[in-house]
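Worksheet: the structure to be examined is printed underneath.
The values are calculated or read from the model by the stated rules, or taken from the named source; none is laboratory data. Fair warning: this is a prediction, and the values are worked out from it, not measured in the lab. Backbone-built Cβ (ideal geometry, glycine too); neighbour counts: all protein chains shown.
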């Protein structure tokens, strides 16, 4: 699955990384605890979270995540957006609640198999 | 492949959430530049990030030091801070003394030190109450990055 499909399935918008929709997504991780994400999310995965501060960018960058997807309408501030742009981190946002977004992505993944 | 003898130092300010993660990010970039295995870089980056966050969350100020040797990497995190009263307790997953603000931001999961232990090949912690803490983590370069 690539980011374009993630966007479609979750009715998400691109906040940063407009040119990166072809980026391959190797899986997903859902958590709002940063150390949990650091310890368990894998390279190339999309991270679903409602945390929107700039440390999300640091975590996504250090783990080489495909993108961070803000759920439940959570939107990052300008500092987070600027940092993501500068570091080439893709940020997406959906108004769907986390459970709904994750459910749709899980279903899409199992359909692909 | 690597540059033995290279030493990089990065200052970390306690409470500076906005800049948190920058030192770990610079360490990661430096390791990539000298051609270290991607799996090893990942382990070092995670461990360095957690060490950096511990300084931001708990200490007044500190620094991260990266030392590159022929066959191993070392990350040292030393700070001026409160020290860790009970290291064994702090190593337990889920135990945290982070502030409410830090927890609201998604820190303080009590996984920082466990992540650092998991990602490094050896870790030593020296800590003195009301003085500070020094964490030394060693990473073997010539493995496949699996821990």
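Sort out which residues of segment B:22-40 are more than 9 Å from chain A (Cβ to nearest Cβ) and either assigned to a helix (DSSP H, G or I) or within 16 Å of residue A:37 (Cα to Cα) (or both), and write them in order of number.
B:23, B:26, B:27, B:29, B:30, B:31, B:32, B:33, B:39, B:40
Sort out for me the helices (runs of 4 or more DSSP H) sitting completely within segment A:24-92 that have 2 or more residues that are over 11 Å from the mean Cα position of the chain (by Cα) and in contact (Cβ under 8 Å) with a residue 40 or more places away in the chain.
The qualifying helices (runs of 4 or more DSSP H) are A:78-87.
Let me confirm something: among B:71, B:79, which residue is more than 14 Å from every other protein chain (Cβ to nearest Cβ), modelled with pLDDT under 95 and farther than 21 Å from residue A:83 by Cα?
On the way: B:79 fails: modelled with pLDDT under 95.
Answer to the check: B:71.
Quick test of your reading of the structure: residue A:32 fulfils all but one of (1) surrounded by fewer than 20 Cβ atoms within 10 Å (Cβ to Cβ); (2) in contact with a helix residue (DSSP H, G or I) (Cβ under 6 Å, 6 or more places away or on another chain). Name the failing condition by number.
Result: residue A:32 passes all but (2).
Would you check if there is a residue in segment A:77-84 being surrounded by 19 or more Cβ atoms within 10 Å (Cβ to Cβ) and more than 14 Å from every other protein chain (Cβ to nearest Cβ)?
Start the filter on segment A:77-84 by keeping residues that are surrounded by 19 or more Cβ atoms within 10 Å (Cβ to Cβ), which leaves A:80, A:83-84.
Still in the running and more than 14 Å from every other protein chain (Cβ to nearest Cβ): none.
So far as segment A:77-84 goes, no, none of its residues is surrounded by 19 or more Cβ atoms within 10 Å (Cβ to Cβ) and more than 14 Å from every other protein chain (Cβ to nearest Cβ).
Each row is one residue, and each column tells you yes or no for (1) surrounded by fewer than 17 Cβ atoms within 10 Å (Cβ to Cβ); (2) more than 14 Å from chain A (Cβ to nearest Cβ); (3) free of Cβ contacts under 8 Å to residues at least 60 places away in the same chain.
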site	(1), (2), (3)
B:5	yes, yes, no
B:11	yes, yes, yes
B:20	no, no, yes
B:59	no, yes, no
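Quick one: which residue in B:65, B:55 is touching a residue at least 40 places away in the same chain (Cβ under 8 Å) and not in a strand (DSSP E or B)?
Values: B:65 fails: not in a strand (DSSP E or B).
That would be B:55, the only listed residue that is touching a residue at least 40 places away in the same chain (Cβ under 8 Å) and not in a strand (DSSP E or B).
If a residue must be within 9 Å of chain A (Cβ to nearest Cβ) and in contact with a helix residue (DSSP H, G or I) (Cβ under 7 Å, 6 or more places away or on another chain), how many such residues does segment B:42-51 contain?
Result for segment B:42-51: 5.
Would you please name the residue that is farthest from residue A:43 (Cα to Cα), looking only at residues in segment B:124-145 that are in contact (Cβ under 8 Å) with a residue 60 or more places away in the chain and outside any loop (DSSP other than H, G, I, E, B)?
Checked segment B:124-145; the qualifying residue farthest from residue A:43 (Cα to Cα) is B:132.
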